[in-house]
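For reference, the structure is listed below as structure tokens.
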Amino acid sequence: MNNLAKRFIHITAWFAMALAPAASRAADGSSLKPPPGARVAIVVFEDMECPDCARAYPVIWEAAKKHNIPVVLHDFPLQMHPWSFEAAVFARYFDSKSQKLGDDFRGFIFQNQQQIDKQNLRQWADKFASTNNSPIPFVLDPDGQFKTKILADRQMGTQIGLQHTPTLYVVSNKRSGTPFVEVVDRSQLFQLIDTMKKE
């Protein structure tokens, strides 16, 4: 095969990949691991303004509870959602008080998502804070540490090729075989966890 033909094949292959629908290219979750001490975990990249993330949230936590495995949450606020980044900052604030409080805040936002907009988000956050006796300071993130963590999560998601939210994986700490699998069909989440735990 001459050089011109080889170059044509390479260019054609590159264009095919570049023009393929984003949903057809799975993100590479090979760098994702369970937290220390866990054999298997669910890893989720989510956006609190994403309607499908709201639908996925209870399924994810039900599966984690049933299988007694941790959920590792990563913020992936999408540019097209006007209040998702700010909501993630509030979630990080509550995380800093306790992981449970942060998780509960995310669930609260997902439950009330359709009533929330950029103008009233602070009111909803204050409502949650009041109910949980954890008042929010006037300056929420004075040194930018919460914002830095969110941007790091978003960068990680971009590097592994995320195309949508939620993107979720079942991951394990095994070194051979398949240490991670992207959950495309959430109805198979329980079965995927069972399989990963048995391997």
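The values are calculated or read from the model by the stated rules, or taken from the named source; none is laboratory data. Values in this document were obtained by computation on a predicted structure and should not be read as measured data. Ligands, DNA and RNA are excluded from the accessible area calculation, which covers all protein heavy atoms including side chains. Shrake-Rupley method; radii C 1.70, N 1.55, O 1.52, S 1.80 Å.
Quick look at the values:
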| quantity | calculated |
| --- | --- |
| Cα-only radius of gyration and Dmax that characterise the range 100-199, units Å | 17.9, 50 |
| 18 Å Cα-Cα reach of residue 66 towards lysines, excluding residues that sit fewer than 8 places from it in its own chain | 100, 197, 198 |
| Quarter of the Cα convex hull surface for the range 20-150, i.e. its orientation-mean projected area (nm²) | 9.5 |
| Residue-normalised accessible area of the range 126-189, expressed per residue, 1.4 Å probe, Å² | 59 |
